[in-house]
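These notes are about the structure you will find just below.
The values are calculated or read from the model by the stated rules, or taken from the named source; none is laboratory data. This structure is a prediction, so every number in the text was calculated from the model and none was measured. Counting neighbours? That spans all protein chains shown, and the Cβs are built from the backbone with ideal geometry, glycine included. Only protein heavy atoms, including side chains, enter the accessible area calculation; ligands, DNA and RNA are left aside. Shrake-Rupley method; radii C 1.70, N 1.55, O 1.52, S 1.80 Å.
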Amino acid sequence: MIALVSLTVLKAVKLTPKLVARFALLPLRKVRNPCLYCPGICLASCPTFLDSGNMMLSPLGYSRHLELGKEKCAKCWRCVQECPARHQLPETYSREKARLELRVLREGSPLLVAVEGLDESYASSLSSRLGAGLAVVKALDQRYTEGRPLEGSSARAVVKALSGREAYSVSPEAAHALGLRFLPTAFTTLGLKVKYEGVVHIPCLLRSAEPEILNALRAAGAMITGVDRDSCLKAKPRLDALYLCPRAGKLGLKSVYDFLQ
Ligand code: SF4
Ligand code: SF4
């Protein structure tokens, strides 16, 4: 199905002079990272489109119908990684901004950074186990569940407060939004082992970090028999895969944090 859709999309994407001109003029446009309504270079990456085959449930549909996107888009950000214009569609659905705030609950180094309402319990138990510090970022998950844009000054303040510290993000969300190192890539550094054999899902938000993630999991003891890049936790999860997203635990799926030794 995915190969068929990819082939169809690739055939549909013709670099016409008009399209090339649209991309070439991009730096002159006033709107930040707009969708250029190209023939859909991002389509083959979209889990809701791949699952439904419905163009309305794709980046092209969502960018024209923001209310639909707010409800149906998985906010997985895969389309952004494929888009030549880096159009940040999944944070255009709401006018309200996500105003971040960092709360340090326990000082210490390294510092584990959790996202409010997402992974605090995993972060808290790991921080106790490792004797590490613990911090929580408030409101960040609104970007990935409600499609709110980040409020720039608050995001910069959080990044500044964490800069220079040995800080690890427990979730792909905080690694993606704040540029923190993703905790699973530091499991061996922190003395953590993973007891797991099977398929591993690459977090949609961190697809470019796939080699680093897989190497780190193998080094921590995981026996990886397959890699899942196609499913999405928030669209159509794969029941047999290990997810590196703490959200998996809440959904009754396998979270890497439940396989630590
Ligand atoms: S988001 Fe980017 S890749 Fe997708 S249709 Fe718009 S311009 Fe094309
Ligand atoms: S964020 Fe994910 S689900 Fe939403 S349009 Fe982009 S690829 Fe599709």
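If you go through the range 69-92 and keep only what is out of contact with any Phe, Trp or Tyr (no Cβ under 6 Å at 6 or more places or on another chain), charged (D, E, K, R) and touching a residue at least 60 places away in the same chain (Cβ under 8 Å), you end up with just Arg78. The set of residues in the range 59-87 that are modelled with pLDDT of 95 or more, in a loop (DSSP other than H, G, I, E, B) and out of contact with any strand residue (DSSP E or B) (no Cβ under 7 Å at 6 or more places or on another chain) comprises Cys73, Lys75, Trp77. Taking first residues from the range 51-68 that are more than 13 Å from Tyr93 (Cβ to Cβ) and partners that are open to solvent by less than 20 Å² (accessible area, probe 1.4 Å) and part of a loop (DSSP other than H, G, I, E, B), the Cβ contacts under 6 Å between residues at least 6 apart in sequence or on separate chains come to Ser58/Cys46; Leu60/Gly40.
Residue-by-condition table, conditions (1) at pLDDT 95 or above; (2) under 18 Å from Val113 (Cα atoms); (3) open to solvent by less than 60 Å² (accessible area, probe 1.4 Å):
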residue	(1), (2), (3)
Lys160	yes, yes, no
Val170	yes, yes, yes
Glu173	yes, yes, yes
Pro203	yes, yes, yes
Glu212	yes, no, no
Asp228	yes, no, yes
Leu244	yes, yes, yes
Leu251	no, no, no
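How many residues are within 11 Å of Asp141 (Cα to Cα) and among the hydrophobic types (A, V, I, L, M, F, W, C) when one looks only at the range 91-120?
Kept after step one, since they are within 11 Å of Asp141 (Cα to Cα), are these residues of the range 91-120: 98-100, 114-119.
Adding the requirement that they be among the hydrophobic types (A, V, I, L, M, F, W, C) leaves 98, 100, 114-115, 118.
Going through the range 91-120 one residue at a time, the tally reaches 5.
Residues that are open to solvent by 10 Å² or more (accessible area, probe 1.4 Å) and of a type in the set (Gly, Ala, Ser) occur at least once in the range 184-191.
Please determine, by comparing only the residues of the range 34-50 that are free of Cβ contacts under 8 Å to residues at least 40 places away in the same chain and open to solvent by less than 20 Å² (accessible area, probe 1.4 Å), which one is farthest from ligand 2 (Cβ to nearest atom). Walk me through how you get there before you give the answer.
Narrowing the range 34-50 to residues free of Cβ contacts under 8 Å to residues at least 40 places away in the same chain: 37, 39-40, 43, 45-46.
Add one more test, that the residue is open to solvent by less than 20 Å² (accessible area, probe 1.4 Å), and what stays is 40, 43, 45-46.
Details: Gly40: 11, Leu43: 9, Ser45: 5, Cys46: 3 Å.
Ranking the qualifying residues of the range 34-50, first place goes to Gly40.
Of the residues making up the range 57-82, those that are of a type in the set (A, V, I, L, M, F, W, C), near ligand 1 (Cβ under 10 Å from one of its atoms) and either open to solvent by 20 Å² or more (accessible area, probe 1.4 Å) or touching a Ser or Thr at 6+ places or on another chain (Cβ under 7 Å) (or both) number 2.
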